[in-house]
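Enquirer: Below you will find the structure I want to go over with you.
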Amino acid sequence: MSLKRYKREASALGAYLILLLVMALIAPAFFNPGNLRDLAMNNAAVMLIAIGMTLVILTGEIDISVGSQFAVCTVAAGWFAKAGMPVLLVLPLVIVTGSLLGGVGGALVGRLRMPSIVVTLALMVAWRDGLRWITEGAWVQNLPADFQWFGFEQSDGQFLIIAVTLIVLLVSAWALQNLNAGRAIYAVGSDAEAARLAGIEKRSVVFAVFVLMGALVGLAAALNAARFSIVPSNGGMGLELKAIAAVVVGGTAITGGRGTLLGTVIGVALLGTIGTALTFAGINPFWEKSIQGAIILVALMSEVALRPFDRWRKNHVNPANHVNPVKLFFTGFTG
Amino acid sequence: MRRIYKIRRHEWVLLLVLVLECAIFSVAGTNFLTTANAFEITRLGVEIGLIALALTPVIITGGIDLSVGSMMGLAAVVLGGLWRDGQMSIAIAVCAALLLGLAGGSLNGLLVTRLGLPPLIVTLGTFSLFRGIAEGLTRGIENYSGFPSQFLFLGQGYAGGVIPAQLFILVVAIGAFAWLLHRTAFGRSLYAIGYSSEGARFAGIPVGRHVFIVYLLSGLAASVSAIIYVAHLGQAKSDAGSGFELMALTAVVLAERQSSAGVAQSLERSWVCLRWSFFRMVCG
């Protein structure tokens, strides 16, 4: 296995290590176990959704309805629990709810071949406004006592959430690289026509991936809801863009076919740590978003910086022709 | 004589939905079908409408601009900051906000055309960047208000006693975009670029420059919209225009069809904005 294949992940990892190094130098308190646990708790939901988003983006599609799906699933979790269902039943039911929501998008994108950005934009509005209509903005309160932390102690509940997230991550990463289904996702993303000739239908793969995405949103919503004793009806705002940003920072090509879950993990970690890191460094955390934005743009530009080397390796042309990306930015493509 | 505007079938559908919507709401709610309410609705529609108009050429070229809402927030904050803390006249602050819109638009444009990066991700990055700078500058709490009444007239005043002042800006913008897209070589080239940017390049169209201008206009429209928004609400906060990118995008997407009727599309866009405003007003 060549390391060169993972240069995009490596550059994101490099950035993350630099961030950690800076934190170690200026604010060692950042590394106390309590803070690291809080960081993991706050990013578990984003992580799960970013896993699904990686798969969706690998097929060359996109799903911007996940934030609204998350809100619906969160409220569903509250309702199921309030209806007196045992916790062990609530979790699978919420996952099924998420899969159904994802399946609607999957059917429209995969089966009817409508553009995913349009479909999921419409679904984003539909799920969120539908939920607002039904709940009238009210939060779900007076939940049974065993709802929070699944009835466990707080520390056990936290451990459970982190463990489930890690297991899902490892299983998906393994499946994506080793199972036929995982390879099919790469195949349809890099060349749908070639995949079709090889007997892989893009529509079926896309449908399955959207359903899986929905299921992961359901899982994330249920795990996240269990952290609190009441359930909000406006959760998941902006979650879709957070997940997409993490996937892209992790080096996954937005056009599909290239990327790894390893990169996504690094992307989630990098973007999810910034806010806390700023607080520990004594900088106003309101700068968080601008730094996240800058990271996305820098990740994109490093992509361009890597591009000439790709071309050079492919064509064996003179390395002296290597284009300086900074110069390119100001002079433009003249050829 | 050529017909300037021909309504196509799916636009009739949209128009029908709009009429139906009006009919339902005027039966369901009191005070809906009044002149005053009709104009108040257009007041809300102007800010989204301007952004939807500017997003139209972006989408025609096959791109997207998610950063418009965040640019509104940044422009609003800079406008308020320069006026109150910078002790500048409101005219200079407005000019600065417009320049900022152009700068933000050109950042998107440069990254998309010069570096050939995917617009969805570039503008996702600037979406976060612009809003982040706005929040950082105001520490998320600053709220600029107490603007002079001449400035507030732009967002709250009535021309001739009934017509909201900002409606004129939207009408001019609709005309300008319709003319630009349908009656100029530049506008027609955008459709060619959207159809095939490589083909357009071979046809001698300076693709990069044209796409750049499209993003520039989008940034400018966001700052104009921000100025009206501030004048409308009488306050400037870093959360101005959050979610507008998706509302405007919805407006554009509802009206989207691969066709060449540019004027139709621009006009249609304003209907869709109206529909959105209705929806917001009744639901929210």
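Bear in mind these aren't lab numbers, they're just calculated from the coordinates by the rules spelled out. Since the structure is predicted, the reported quantities are computational estimates derived from the model, not experimental observations. Please note: Cβ atoms are built from the backbone with ideal geometry, for glycine as well, and neighbour counts cover all protein chains shown.
Enquirer: Cα axis of helix A:261-280 to longest principal axis of chain A: angle in degrees, 0 to 90, nearest 10?
Expert: 70
Enquirer: Give me the log10 of I(q) over I(0) for region A:3-331 at q = 0.06 Å⁻¹, as the Debye formula computes it from C-alpha points; what are the numbers?
Expert: -0.23
Enquirer: Also, quick follow-up: Charges only on Cβ, +1 for Lys and Arg, -1 for Asp and Glu: so what's the dipole of region B:39-283 about the Cα centre, in debye to the nearest 20?
Expert: Charge dipole, region B:39-283, about its Cα centre: 340 debye, nearest 20.
Enquirer: Which aspartates and glutamates, if any, have their Cα less than 13 Å from the Cα of residue A:82, not counting same-chain residues under 8 positions apart?
Expert: A:146
Enquirer: Going by C-beta contacts inside 10 Å, put A:237, B:72 in order with the fewest on the left.
Expert: Ascending number of Cβ neighbours within 10 Å: A:237, B:72.
Enquirer: In Å and on Cα atoms, what radius of gyration and Dmax does region B:39-283 show?
Expert: 17.5, 54
Enquirer: Per DSSP helix of 4 or more residues, -39500 (n - 2.57); summed, then divided by the residues of chain A. What does that give at 222 nm, rounded to the nearest 500?
Expert: -24000 deg cm²/dmol
Enquirer: Which trypsin sites (Lys or Arg not before Pro) does region A:41-115 hold that lie in a coil by DSSP with at most 13 other beta carbons within 10 Å?
Expert: Sites meeting the loop and neighbour criteria: A:113.
Enquirer: Related question: So between residue B:153 and residue B:40, what do we pick up on full extension, going 0.36 nm a residue minus the alpha carbon distance? Let's see the in-between values first.
Expert: Working: separation 113, 0.36 × 113 = 40.68 nm, distance 1.42 nm.
Full extension from residue B:153 to residue B:40 adds 39.3 nm.
Enquirer: A further question on this structure: Net charge around residue B:140, counting only other residues with Cβ within less than 14 Å of its Cβ (Lys, Arg = +1; Asp, Glu = -1)?
Expert: So the surrounding residues net to 0.
Enquirer: Cα gyration tensor of region A:1-111, axes a ≥ b ≥ c as square roots of the eigenvalues: rounded (a/c below 1.5), prolate (a/b > b/c) or oblate?
Expert: oblate
Enquirer: Leaving out same-chain residues fewer than 8 places away, which aspartates and glutamates sit with a Cα under 18 Å from that of residue A:7?
Expert: A:303, A:310
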